[in-house]
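Below you'll find the structure, written out as structure tokens, and then a few comments.
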Amino acid sequence: MFRIILQLAVFLSILGIVWLAHNRSAPLNAANPKSALSVQNSLPTSTRTPSATARLAPSAKPQQGGTPTLTKPQPAQTASPVLIGRKPRAFSVDANTVALYHLDSQTGGLVQDQTGNYPGTLQGNAGIVSSGLFSGALALDGRSGPGSYVRLGHLGDLVSGTIEAYVDFSTACDSINEWFTMLSAGGEFGSGDTRLALATYQGLGFGIYANGEWQWANSGINPCRYLAGGDTEPYFWPSGYHTRWPYEVWRYHHVAGTWGPRGVEIWVDGVLHGVNFHRAEFSFYENLHPEYMCNPQAQIEPANTFYPYCRKPQMGLVPLEYAGGIPPYLTFLIGCDSSTATSCFRGRIDEVRISNIQRTYTVDVVPPSTPTPTRTPESTGGEYTADSKTFGLYHLNAAGDWNSVKNEATQLWHGSLLGSAAIVPEGRYNAGVRLDGNLSYVRAEPMNIPFAGAVEAWFNPDQTTAPYMILSNSSEPQSGVYSWGFFLGMESPGTIRLIINKSNEIKYEADSGVHYSTLTGCWHHVAGTWGERGMEIWIDGVLRGTNAFTGYPEINNRYLFGCDGWSRCFKGRIDEVRISNIQRRFAPPNAPMRPRVPATGGTLTFFPLIQAAPPSACPYG
């Protein structure tokens, strides 16, 4: 009897294998996800037909288990919600973790997977820097390089899953019209065969290419408006005021894409912001389907008593939408998709985790207060440190390739020495830059002008003639273009001033009353700020001048150290240039005079009280 049962079982198994071979879905072709991304603030309404030549490489790892076109929900899986928000926690390995990358260090071109199974390979100019959310972070040069990313390899068949990371968007955007990919799965880089993407094309979304089309969840968030360092270009323009979305003050943002029984989802900073639904039509301005996404206005509108949560979308599978896994793929990539370098991310990524379950998230922000900014640990000792309000910080201690200088806030070489500008050892702290007053200056890479901000530097002037600019946001000298956002320097009648340009129609000045002749030959700290307190100019830790104007520089050019578009150039040394998206305060501490290192704490920066002194008495000598 047992033998008969055994033979029957073998016969049924053979029939099952034949049936599966006949009905197995053919591998899907993957389209470039950019074709499915919106040209407005959200994701698409339609998709393009994938190219017949866009296929996985023949060497693709054989797939086992999972049906990539599955739409029937899988058995529910549960896990405790991951807490995101005011005090972010480093991820840890649990029973549902497939791979986890802290990205704190690299060894021989590899980054460690905390599970020990899938080490990642650094490609192009990808590298680990010290300024991560918790310790180190992955720094990528994006579209300006050959394709910098981390290759993770094949992580198994994932019928359900989550990809997540903390992302610093502050250097990712040159404009509000950007396309880049943070995490993806598909073919090798350059194959054009992407199957999964956590990406943005003005709208931040998560999608899977399955059943012949992209299945997108749209967050309703343009990260280049809301997540790139604050106040870059308000949604409420030109109403005359700006309602801040609180998350825009955070440095690192948590983003996650999930797939499985609940469908395709995207979470931002611990909040469900979008779910997949079929888009027969799309218009950002008409917002035809608000029930499936939550843009920032909906999240902060006065009627939303559930802030920071979103009333919609609701968690759960939208009827008839995709609830399956990732189609056959070859590798996961951090920082790019499988197309070309034009799709790659520029900036820092930390704490990447891939799981085999649809995770959920929650936040610890108490409504309706603005969240405390997430912490960016100190990346260097002494000098200034890059906190969450800093998006430009130049120690000017060394020059890299092509006379570049590093922005310590991003850990990227985002500045250039021009003319005869040179790094010299006699800086205020360590080295600094020497300028000869003859079209020599430092040009920073493009950065936004915040609605509230502070620009500051240490300077030691050699010249006794006027005028000169210490810092400016301006067209470049001898460019033939005369445009500017602000000037911080000396103009007639010879005092140090902060001057702000409002729409090329009117300018506002805060005059320090400090004549340049009293500053020559000594190191001095100068800062110009704008915001709700109006305009302020500080010299050596003392508020020297104000203006009641509460606006901001509305014309954005390049940040220049030591010159402006009118060729009014500085002769001497400049050190420790910092650009912030908060109106900082500078005040004398109750401490002995002449400290060797400026103290830092919170949002206040302290400097010794320096009274007017003749050039022979250098307080910082």
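From S420, S483, grab the single residue that is without any contact (Cβ under 8 Å) to a residue 24 or more places away in the chain and surrounded by fewer than 17 Cβ atoms within 10 Å (Cβ to Cβ).
The conditions single out S420.
Give the residues of the stretch 432-479 that are at pLDDT 90 or above and aliphatic (A, V, I, L, M), sorted by residue number.
V433, L435, L439, V442, A444, A454, V455, A457, M469, I470, L471 - these are the residues of the stretch 432-479 that are at pLDDT 90 or above and aliphatic (A, V, I, L, M).
Return a yes/no flag: does the stretch 135-149 have any residue that is among the small types (G, A, S) and within 15 Å of T331 (Cβ to Cβ). Before the answer, list the steps.
From the stretch 135-149, those among the small types (G, A, S) are 135-137, 139, 142, 144-145, 147-148; that's our starting set.
From the residues that got through so far, the ones that are within 15 Å of T331 (Cβ to Cβ) too are 147.
There is at least one residue in the stretch 135-149 that is among the small types (G, A, S) and within 15 Å of T331 (Cβ to Cβ).
Go through V577, V542 for me and flag whichever is farther than 22 Å from N448 by Cβ, β-branched (V, I, T), out of contact with any Lys or Arg (no Cβ under 6 Å at 6 or more places or on another chain) and touching a residue at least 60 places away in the same chain (Cβ under 8 Å). Outline the logic, then answer.
On the way: V577 fails: farther than 22 Å from N448 by Cβ.
Criteria check complete, one pass: V542.
Being farther than 27 Å from G545 by Cα and aromatic (F, W, Y): is that true of W484 here? Walk me through it before giving the result.
Values: farther than 27 Å from G545 by Cα: no; aromatic (F, W, Y): yes.
No; evaluated as a whole, the condition is false for this residue.
Of everything in the stretch 114-168, what is without any contact (Cβ under 8 Å) to a residue 24 or more places away in the chain, within 19 Å of F180 (Cα to Cα) and either open to solvent by 30 Å² or more (accessible area, probe 1.4 Å) or among the acidic types (D, E) (or both)? Give them in sequence order.
N125
Working only within the stretch 529-560, note down all residues that are under 24 Å from the mean Cα position of the chain (by Cα) and on the phi < 0 side of the Ramachandran plot.
T529, W530, Y552, P553, E554, I555, N556, N557, R558, Y559, L560
List, please: which pairs have Cβ atoms under 6 Å, are six or more places apart or on different chains, and start with a residue in the stretch 464-479 that is open to solvent by 10 Å² or more (accessible area, probe 1.4 Å) and end with one that is modelled with pLDDT under 90 and among the acidic types (D, E)?
Hits for this filter: P467/E491.
Kindly provide the set of residues from the stretch 388-407 that are touching a residue at least 24 places away in the same chain (Cβ under 8 Å), in contact with a Gly (Cβ under 9 Å, 6 or more places away or on another chain) and either open to solvent by 20 Å² or more (accessible area, probe 1.4 Å) or of a type in the set (K, R) (or both), ordered by number.
K389, F391, N397
Output yes when any residue across the stretch 104-113 is open to solvent by less than 50 Å² (accessible area, probe 1.4 Å) and hydroxyl-bearing (S, T, Y), and no when none is.
No.
Suppose we keep only residues that are assigned to a loop (DSSP other than H, G, I, E, B) and open to solvent by less than 10 Å² (accessible area, probe 1.4 Å) within the stretch 326-357. Which one would you say is farthest from Q123 (Cα to Cα)?
Result: I357.
Kindly establish whether Q74 is farther than 21 Å from I349 by Cβ, at pLDDT below 95 and out of contact with any Gly (no Cβ under 9 Å at 6 or more places or on another chain).
Details: farther than 21 Å from I349 by Cβ: yes; at pLDDT below 95: yes; out of contact with any Gly (no Cβ under 9 Å at 6 or more places or on another chain): no.
It is false that Q74 is farther than 21 Å from I349 by Cβ, at pLDDT below 95 and out of contact with any Gly (no Cβ under 9 Å at 6 or more places or on another chain).
In the stretch 538-596, which residues are at pLDDT 90 or above, within 29 Å of P425 (Cβ to Cβ) and assigned to a loop (DSSP other than H, G, I, E, B)?
Those that are at pLDDT 90 or above, within 29 Å of P425 (Cβ to Cβ) and assigned to a loop (DSSP other than H, G, I, E, B): G562, C563, D564, S567, R568, C569, F570.
What is the one condition in (1) at pLDDT 90 or above; (2) open to solvent by less than 10 Å² (accessible area, probe 1.4 Å) that Y384 does not satisfy?
So the condition that Y384 fails would be (1).
Does at least one position in the stretch 176-188 carry a residue that is touching a helix residue (DSSP H, G or I) at 6+ places or on another chain (Cβ under 6 Å), open to solvent by 10 Å² or more (accessible area, probe 1.4 Å) and either of a type in the set (A, V, I, L, M) or assigned to a strand (DSSP E or B) (or both)?
Yes: the stretch 176-188 contains one or more residues that are touching a helix residue (DSSP H, G or I) at 6+ places or on another chain (Cβ under 6 Å), open to solvent by 10 Å² or more (accessible area, probe 1.4 Å) and either of a type in the set (A, V, I, L, M) or assigned to a strand (DSSP E or B) (or both).
The values are calculated or read from the model by the stated rules, or taken from the named source; none is laboratory data. Only a predicted model underlies this, so the values are computations on that prediction, with no experimental measurement involved. Note that we place each Cβ from the backbone using ideal geometry, even for glycine, and neighbour counts take in every protein chain shown. Heads up: the accessible areas ignore ligands, DNA and RNA and are worked out on the full protein's heavy atoms, side chains in. Shrake-Rupley method; radii C 1.70, N 1.55, O 1.52, S 1.80 Å.
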